[in-house]
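Q: Following this message is one structure expressed as structure tokens.
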Amino acid sequence: MRSVSRRSLLRGGALGVAAATMAGCATGRTVPSPPPAAAQPDPEITLIRQLIAGKERTIALYSSAASDKLAPFRQRHEAHLAELRRRLPRESASASP
């Protein structure tokens, strides 16, 4: 049994990729272009919306506990929620997540 050198294996792989690429071009098929940047949601706005949803759930949990000992924690979360909402752009504030 004859062993194949690493160089021969890589060269063969490169030729295979080149042949597949050329075959794809020869068929006349076009590669779909990525969607325009405007259609993709802004990752920062997406993150802020997720944080707002999480804060709202946390505040609801603190409120359902109805314990005076937890009131300072709930108030801190409410302040954080208000700040997150302030940072959300106005046109995104009314849009659904």
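Q: Condition check: surrounded by 10 or more Cβ atoms within 10 Å (Cβ to Cβ) and modelled with pLDDT under 85. Does residue 40 satisfy that?
A: For residue 40, the condition - surrounded by 10 or more Cβ atoms within 10 Å (Cβ to Cβ) and modelled with pLDDT under 85 - is met.
Q: Given the options 54, 13, 24, 28, name the one that is among the small types (Gly, Ala, Ser) and modelled with pLDDT of 80 or more.
A: Just a single option satisfies the conditions, and that option is 54.
Q: Does residue 92 meet the test of being of a type in the set (S, T, N, Q), at pLDDT below 70 and surrounded by 11 or more Cβ atoms within 10 Å (Cβ to Cβ)?
A: Numbers: of a type in the set (S, T, N, Q): yes; at pLDDT below 70: yes; surrounded by 11 or more Cβ atoms within 10 Å (Cβ to Cβ): yes.
Considered against the rule, which asks whether it is of a type in the set (S, T, N, Q), at pLDDT below 70 and surrounded by 11 or more Cβ atoms within 10 Å (Cβ to Cβ), residue 92 comes out as yes.
Q: Hey, among 64, 33, which residue is open to solvent by less than 100 Å² (accessible area, probe 1.4 Å), in a helix (DSSP H, G or I) and modelled with pLDDT of 70 or more?
A: Of 64, 33, the one residue that is open to solvent by less than 100 Å² (accessible area, probe 1.4 Å), in a helix (DSSP H, G or I) and modelled with pLDDT of 70 or more is 64.
The values are calculated or read from the model by the stated rules, or taken from the named source; none is laboratory data. Everything quoted here is computed from the prediction, not taken from an experiment. Don't worry about glycine lacking a Cβ; one is built from the backbone with ideal geometry, like all the others, and counts go over all protein chains shown. Keep in mind that these areas ignore ligands, DNA and RNA; they rest on the heavy atoms of the full protein, side chains included. Shrake-Rupley method; radii C 1.70, N 1.55, O 1.52, S 1.80 Å.
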